[in-house]
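Notes follow once the structure below has been shown.
The values are calculated or read from the model by the stated rules, or taken from the named source; none is laboratory data. Keep in mind the model is a prediction, meaning the values are calculated, not measured. For neighbour counting, all protein chains shown are included, and Cβ atoms are generated from backbone atoms with ideal geometry for every residue, glycine included.
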Amino acid sequence: MKSPFRPILGQLYPNRIVEVASLGLDRPGLIPLWFGESDLVTPKFIRDAAVKALDDGKTFYTWARGIPELREALAAFHQRTVGITIDPERVTVWPQDERGILDLESLFKDPEDNTLVYCCGPEALLSAVEQQCAHWPTGILHIERFAAKAPTVEEAAEALEQFEVVCQRSGVSFEITSDQSILEVLEEAGIPILGSCYEGVCGTCEAKVLDGIPVHRDSVLADAEKAAGEVMLPCVSRSRTERLVLDL
Ligand code: FES
């Protein structure tokens, strides 16, 4: 009869736990605890030890809001970097592997008058926070990204493939093609502009827009700044108009 198992399974070798377990499986009197026998009563000596520990007052409650030393260190860091004292009691550490996913819905329901949110971390978290705070007034949520956010289909569609960039003060203009970034072209031509991350996350290359409508692809400018269109980050941003005039 043909074996129902794939041949490769026959080449697997048992792990160390199975090896140890196999040594004792048939021994009379041996309690097989290694596979987590759920219907086995906890041995008496363990129960006795647990009762003694409780009687001796050795009950341990885990720090639900993070260990005090860590919360104190975070408060001290805040004091050092921002110059504001926060009571460590107001600091909460939320390790996802211990406490599960943050309940953003209740956390970010409605902002108080003095609420400010600063958030950095993986893209999935940042997008979820942005989505949750989408109805908030601008200026409350501050997101820090270490990689550019991918444009949506709509954002990608509104950028022209090719357009002209005019550097007003330098008196020169350039044709930007779909495979070039504005910053790259300007740097090559010796236009005085600085770049650092080249991913739209640091803000170094910010340039003033005198005319035209940029398509913002950066993760630095606030939504209101993007809507105003007065500045842009030419390392990643594109143009919606055939001509973009920059104060360079
Ligand atoms: S070089 Fe960092 S945002 Fe443009």
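Scanning segment 189-230 for residues that are surrounded by fewer than 20 Cβ atoms within 10 Å (Cβ to Cβ), under 29 Å from the mean Cα position of the chain (by Cα) and among the β-branched types (Val, Ile, Thr) yields one hit, THR204. Taking first residues from segment 193-219 that are in a loop (DSSP other than H, G, I, E, B) and partners that are of a type in the set (D, E, K, R) and within 6 Å of the ligand (Cβ to nearest atom), the Cβ contacts under 7 Å between residues at least 6 apart in sequence or on separate chains come to GLY200/ASP218. Of the residues screened, LEU248 is one that is surrounded by 14 or more Cβ atoms within 10 Å (Cβ to Cβ), in contact with a Lys or Arg (Cβ under 9 Å, 6 or more places away or on another chain) and part of a loop (DSSP other than H, G, I, E, B). Condition check for VAL201 on (1) closer than 17 Å to GLN162 by Cα; (2) within 13 Å of the ligand (Cβ to nearest atom): one failure, at (1). Residues of segment 173-186 being among the hydrophobic types (A, V, I, L, M, F, W, C) and either more than 22 Å from ARG240 (Cβ to Cβ) or within 16 Å of the ligand (Cβ to nearest atom) (or both), which ones? ILE176, ILE182, LEU183, VAL185, LEU186, listed by residue number. Is it the case, given these coordinates, that GLU98 is in contact with a helix residue (DSSP H, G or I) (Cβ under 7 Å, 6 or more places away or on another chain), within 29 Å of PRO68 (Cβ to Cβ) and in a helix (DSSP H, G or I)? Criteria not met by GLU98.
Here ARG169 passes the criteria (1) within 15 Å of the ligand (Cβ to nearest atom); (2) at pLDDT 95 or above except the one numbered (1). If the requirement is being over 17 Å from GLU225 (Cβ atoms) and more than 16 Å from the ligand (Cβ to nearest atom), which of these qualifies: ALA189, ALA134, ALA150? Just a single option satisfies the conditions, and that option is ALA189.
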